[in-house]
Amino acid sequence: MSTATIRHFLVDTDLTQAEQTEVLDLAAAMKADRYGYHPYAGPQTVAVFFDKTSTRTRVSFAAGVAELGGQPLIINPGESQLGHKESIADSARVLGRMVSTIVWRTYAQAGLEEMATHSRVPVINSLSDEYHPCQLLADLLTVREHKGKLAGLSMAYLGDAANNMANSYLLAGVTAGMHVRIAGPAGHLPDEAVVAAARDRGAETGGTVTITSDPSEALSGVDVVATDTWVSMGQEDEKAERVKLFGRYRVDEAAMALAAPEAIVLHCLPAYREYEIAAEVIDGDQSVVWDEAENRLHAQKALMAWLMASSGLAAAPSLEGGARRGACSRGSSPPRKLPVKRGSRPSSGRGRSGPRPNWRRCWRPTASRSPRPPCPVTWWNWGRSGSAGWKAGSSTPCAPKEGTGRRRPVSPRKSSMRGWRSSPPS
């Protein structure tokens, strides 16, 4: 398979403004019809690698893949040879023959780029040291839900402005046509290359970029206020120093007073109350943090489905419904319901259903079930005896009579209460 048509999502600008809108539209449709889309029907497998610990990323991807009809394969640190005993390139070549999508939460962006270069299936950056693009799709979906649009809105990010969240807010925000303001102390501002890329994308979409060390300038009349932890993974030893450094960038009631009256607050979580955000703000009326967390699920489901369709690996999903309206991949279809003949389970008069004389018609034979109907049983005694069955109206269990396929009463002491006394007739 040629890798020329395979689409990946490694950085926010991997989607154009129109494509970003398509993904967000699909996310809204999937949120309204949560179990209606099955691009991974089969089930197909999605490999989800974690080099860093996670709660929301892990749960949202695992649940999302399952809801899309697939099977998530969660691989934790130390459980694979990726990147140490086996090269990333070789791992990509192997994985592409076994799974339908690769999701990786890692450290270096270069590893993701190498994986994508050699992969024949979509690769998704679920977090790296440089970017967190999946989080921004959820954030933009949340803003659009509460504000009705994205283009033309202003958004301020306060705190550690040199981290992956600040980079993704810049790139994803201007891609959506927003006016993005980033505020942080000197020495903790975005890399110039990221700022230049954001301004280039803004020239296409109408979005703008403002970089400042003055939190008041960033907050003035803004529509959306966002922040993130000041102490990321691996920076725990610097906590006291960083708390002192970023103190004036805390999102508290005084900060929110500078924003627009109807401004909303975002935080990607986990949050440390009274550090980067005050408790009265994150738990207040302007907070949409919990909607934002939920939208990780819907945004990532839409992203996976969109990438599969754009790579030619699944049918294009419809905004009016997925699998039930023809978006099942690889010719799959929803499972059929077995026919049950009406009236085949008459009441026994004890509040439970009685014997099933039409068992052969109601229970289709499979490889795990005998094609011959078991003896007539009452439902309550069947449950008590397991698969051995009970003779209707009697306390004597039934067992197959050897050589005939017929059943005869046997002594309870000689019969297993957990299964057949001997193998069912074939």
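Kindly check whether there is at least one residue in the stretch 220-234 that is over 15 Å from CYS268 (Cβ atoms), in a helix (DSSP H, G or I) and not polar (S, T, N, Q).
Quick first cut of the stretch 220-234, residues over 15 Å from CYS268 (Cβ atoms) only: 220-223, 234.
If we keep only those that are in a helix (DSSP H, G or I) as well, we get none.
No, because not a single residue in the stretch 220-234 is over 15 Å from CYS268 (Cβ atoms), in a helix (DSSP H, G or I) and not polar (S, T, N, Q).
Taken over the stretch 125-161, residues that are part of a loop (DSSP other than H, G, I, E, B), touching a strand residue (DSSP E or B) at 6+ places or on another chain (Cβ under 7 Å) and open to solvent by less than 10 Å² (accessible area, probe 1.4 Å) amount to 2.
Of a type in the set (A, V, I, L, M) and within 16 Å of the chain's Cα centre (by Cα): does that describe LEU150?
It is false that LEU150 is of a type in the set (A, V, I, L, M) and within 16 Å of the chain's Cα centre (by Cα).
Filtering the stretch 222-256 to residues that are open to solvent by 40 Å² or more (accessible area, probe 1.4 Å), under 24 Å from ASP283 (Cβ atoms) and of a type outside the set (A, V, I, L, M, F, W, C) leaves LYS239, ARG248, ARG250, ASP252, GLU253. If you go through the stretch 9-31 and pick out every residue that is closer than 23 Å to GLU294 by Cα and either in a loop (DSSP other than H, G, I, E, B) or modelled with pLDDT under 95 (or both), you end up with 3. In the stretch 66-124, the qualifying residues are those that are of a type in the set (A, V, I, L, M) and in a strand (DSSP E or B), and the one that is surrounded by the most Cβ atoms within 10 Å (Cβ to Cβ) is VAL103.
The values are calculated or read from the model by the stated rules, or taken from the named source; none is laboratory data. Because the structure is a prediction, the values reported are computed rather than measured. Glycine also receives a Cβ, built like all others from the backbone with ideal geometry; neighbour counts cover every protein chain displayed. Surface accessibility is based on the protein's heavy atoms, side chains included, excluding ligands, DNA and RNA. Shrake-Rupley method; radii C 1.70, N 1.55, O 1.52, S 1.80 Å.
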